[in-house]
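The values are calculated or read from the model by the stated rules, or taken from the named source; none is laboratory data. Bear in mind that the values here come from a model prediction, so they are computed numbers and not experimental data. In this analysis, Cβ positions are derived from the backbone assuming ideal geometry, glycine residues included, and neighbour counts consider all displayed protein chains. Remember, those area values only see protein heavy atoms, side chains included, never the ligands or the DNA or RNA. Shrake-Rupley method; radii C 1.70, N 1.55, O 1.52, S 1.80 Å.
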Amino acid sequence: MAARRMSSLLSPSNVSSFASAFLRSSGKKSSCGRGVIPRFSTAASAAHEEPITPPVRVTHTQLLINGQFVDSASGKTFPTLDPRTAEVIAHVAEAESEDVNRAVAAARKAFDEGPWPRMTAYERSRIMLRFADLVEKNTDELAALETWDNGKTYEQAIGEVEVLARLFRYYAGWADKIHGLTVPADGSYHVQTLHEPIGVAGQIVPWNFPLLMFAWKVGPALACGNSIVLKTAEQTPLSALYVGNLFLEAGLPPGILNVISGFGPTAGAALCSHMDVDKLAFTGSTATGKTVLALAAASNLKPVTLELGGKSPFIVCEDADVDKAVELAHFALFYNQGQCCCAGSRTFVHERVYDEFLEKAKARALERVVGDPFKKGVEQGPQIDDEQFAKILNYIKSGVESGATLEAGGERFGSKGFYVQPTVFSGVLDNMLIAQDEIFGPVQSILKFKDLNEVIKRANASYFGLAAGVFTQNIDVANTLTRALKAGTVYVNCFDVFDAAIPFGGYKQSGQGREKGIYSLNNYLQVKAVVTPLKNPAWL
């Protein structure tokens, strides 16, 4: 599949007939006159409508351990909420340290004694391909579950399920292409390298992209022949449990994939500290990532892959087509309710086009349709939970108090659920919190710059380094910026291209290691050198 922006997968033509049956037309767009801080009438009727009932049943709420869905050892459960209403969707089994021990033991036995590592790579590949087929067969239900539990739009969720299947087909293709080398050495020796599975992989996925992060971690781990204990985010456990069951249907041996749900201080800490876990992979905040790294080091010094926070610059140069730049910058920030680690959350605009860009960015934010994510045409659903909702509003308050100009939004949308108005700030300075911290919400901060040297210095003046965006028609400017920006991914005249083959990861405190593509396989392999003397070799 050619590299595509995620939004290209989310057009109405990609929504299935099942989806079309219950997606309704969106509310009308509105605008606000210039010179007045908007108070958001966009799709206002949505705030007063009853939420659409998702056409899916929750069927899996237990822990998946050793091929069986089981209750937690303590019998505890916790609620997972509908972010549209804050009402309970289901109660899910809460894993604690004893459950982590059970899951790790199952994964260890499956790896040491089970058939998976001893299957041919072709056989492992076939199971992963069968899983991808089952994902596509269950696209509608899986997307509905993701939207219900997470709040992202149904049309976006449909696209993400398609990408989930694509990612597993990609990694299925790698399963029989992992091999070592024959290495020349000084002297009469035959030297070869073996690429061996690392063992039991502990994986912790975030709440913003539950399905995609499942694929980014589980896909390469399985392709390399490992077993897995995966902990979901407590906010969004439902889709991972669902796809865990699909893997059983595809013929994955028991114990190879174990899925548990629980909280960081209990289940997460137990997994990170476990002496029989050989590898950790974590996606989440930088602060939590440091804790994960410390727990791994203090236990058995297990290697850790980290994909952490970001405060990505999006640089609009003076030669930019402003209309196109506004739309791309809008997408780069507001995609997934702004809950994206690589969001272009520092919009640097050249002073020559700043005023025009600002007016059009403000107008585009006002046109953004906010409402029930199950409704067709809605662009923005609720934030994930009350904690994130309150955090975003506090950052907006901080922006106002620090002297930035609130151009649009800035308040709660509606009277229930966790909806936030699309918000735009101008006059933002580098020392303001809204320009430094990862807000993880629909808040666009627009900053002004004069020349390339200045914007390079300012863009790099962050302890994050996950991604960056460059919008220019000048190839020399593009080349200068792509090499100067300290970020793991630099998008030129595009953003959020998440193809399976493109590596993703950060510089500085945005993480270590890479996910996706060929680079991700290194996370789940050990390299062993085998040296054998040669007796009377015909050649060396």
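In the range 369-388, what count of residues is obtained for those that are outside any helix (DSSP H, G or I), open to solvent by 20 Å² or more (accessible area, probe 1.4 Å) and in contact with a strand residue (DSSP E or B) (Cβ under 9 Å, 6 or more places away or on another chain)?
First pass over the range 369-388, keeping only residues outside any helix (DSSP H, G or I): 369-385.
From what's left, open to solvent by 20 Å² or more (accessible area, probe 1.4 Å): 376-377, 379, 385.
Next, from what is left, pick out any that are in contact with a strand residue (DSSP E or B) (Cβ under 9 Å, 6 or more places away or on another chain): 379, 385.
So the answer is 2.
Here is a yes/no grid of residues against (1) within 27 Å of PHE471 (Cβ to Cβ); (2) in contact (Cβ under 8 Å) with a residue 12 or more places away in the chain; (3) open to solvent by 10 Å² or more (accessible area, probe 1.4 Å); (4) in a helix (DSSP H, G or I):
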residue: PHE331; (1), (2), (3), (4): yes, yes, yes, yes
residue: CYS340; (1), (2), (3), (4): yes, yes, no, no
residue: GLY344; (1), (2), (3), (4): yes, yes, no, no
residue: LYS362; (1), (2), (3), (4): yes, yes, yes, yes
residue: ALA390; (1), (2), (3), (4): no, no, yes, yes
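Is one or more of the residues making up the range 519-527 farther than 30 Å from VAL218 by Cβ and at pLDDT 95 or above?
Looking only at the range 519-527, we keep the residues that are farther than 30 Å from VAL218 by Cβ, and these are none.
No - not one qualifying residue is present in the range 519-527.
Working only within the range 135-152, note down all residues that are open to solvent by less than 10 Å² (accessible area, probe 1.4 Å) and either in a loop (DSSP other than H, G, I, E, B) or on the phi > 0 side of the Ramachandran plot (or both).
GLY151, LYS152, listed by residue number.
Looking at the range 193-207, can you tell me whether even one residue there is farther than 21 Å from ALA233 by Cβ, in contact with a Gly (Cβ under 6 Å, 6 or more places away or on another chain) and exposed (fewer than 14 other Cβ atoms within 10 Å of the Cβ)?
yes
Which of the numbered conditions does LYS535 fail, given that it passes all the others? Conditions: (1) open to solvent by 70 Å² or more (accessible area, probe 1.4 Å); (2) touching a Gly at 6+ places or on another chain (Cβ under 9 Å); (3) part of a loop (DSSP other than H, G, I, E, B).
Only one criterion is unmet by LYS535, namely (2).
Identify the residue in the range 478-501 that is among the charged types (D, E, K, R) and over 15 Å from ARG346 (Cβ atoms) and, among all such residues, is most open to solvent (accessible area, probe 1.4 Å).
Taking the candidates together, the pick is ARG483.
Report whether or not ILE475 is among the aliphatic types (A, V, I, L, M), open to solvent by 40 Å² or more (accessible area, probe 1.4 Å) and farther than 25 Å from LEU212 by Cβ.
Yes.
For the range 58-106, which positions are touching a residue at least 24 places away in the same chain (Cβ under 8 Å) and hydroxyl-bearing (Ser, Thr, Tyr)?
Matches in the range 58-106: THR59, THR61, SER72, SER74, THR80, THR85, SER97.
Residues to consider are THR423, THR489, THR472; find the one that is farther than 24 Å from LYS362 by Cβ and not aromatic (Phe, Trp, Tyr).
Just a single option satisfies the conditions, and that option is THR489.
Residues are listed down the side, and each one gets a yes or a no for (1) at pLDDT below 95; (2) in contact with a Leu (Cβ under 6 Å, 6 or more places away or on another chain); (3) over 30 Å from SER299 (Cα atoms); (4) open to solvent by less than 10 Å² (accessible area, probe 1.4 Å):
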| site | (1), (2), (3), (4) |
| --- | --- |
| ILE158 | no, no, yes, yes |
| PHE168 | no, no, yes, yes |
| ALA172 | no, yes, yes, yes |
| THR182 | no, no, yes, no |
| PHE214 | no, no, no, yes |
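Could you say which residue among GLU411, GLU407 is open to solvent by 10 Å² or more (accessible area, probe 1.4 Å), within 24 Å of GLN235 (Cβ to Cβ) and modelled with pLDDT of 95 or more?
Sole residue among the options that is open to solvent by 10 Å² or more (accessible area, probe 1.4 Å), within 24 Å of GLN235 (Cβ to Cβ) and modelled with pLDDT of 95 or more: GLU411.
Given the conditions (1) aliphatic (A, V, I, L, M); (2) at pLDDT below 95; (3) in a loop (DSSP other than H, G, I, E, B); (4) under 24 Å from the mean Cα position of the chain (by Cα), which single one is not true for ALA19?
(3)
Might you check whether a residue that is open to solvent by 30 Å² or more (accessible area, probe 1.4 Å) and aromatic (Phe, Trp, Tyr) occurs anywhere in the range 119-127?
So far as the range 119-127 goes, yes, one or more of its residues are open to solvent by 30 Å² or more (accessible area, probe 1.4 Å) and aromatic (Phe, Trp, Tyr).
At pLDDT below 95 and open to solvent by less than 20 Å² (accessible area, probe 1.4 Å): is that true of GLY114 in this structure?
Taking the combined requirement at face value, the residue satisfies it.
If you check LYS516 against the conditions, is it in contact (Cβ under 8 Å) with a residue 40 or more places away in the chain, among the basic types (Lys, Arg) and at negative phi?
Values: in contact (Cβ under 8 Å) with a residue 40 or more places away in the chain: yes; among the basic types (Lys, Arg): yes; at negative phi: no.
Answer is no for this residue.
Residue under question is LEU366, and the condition is that it be under 29 Å from TYR463 (Cβ atoms), in a helix (DSSP H, G or I) and aliphatic (A, V, I, L, M); does it hold?
no
Does the range 502-517 contain any residue that is open to solvent by less than 30 Å² (accessible area, probe 1.4 Å), of a type in the set (Lys, Arg), at pLDDT 95 or above and not in a strand (DSSP E or B)?
yes
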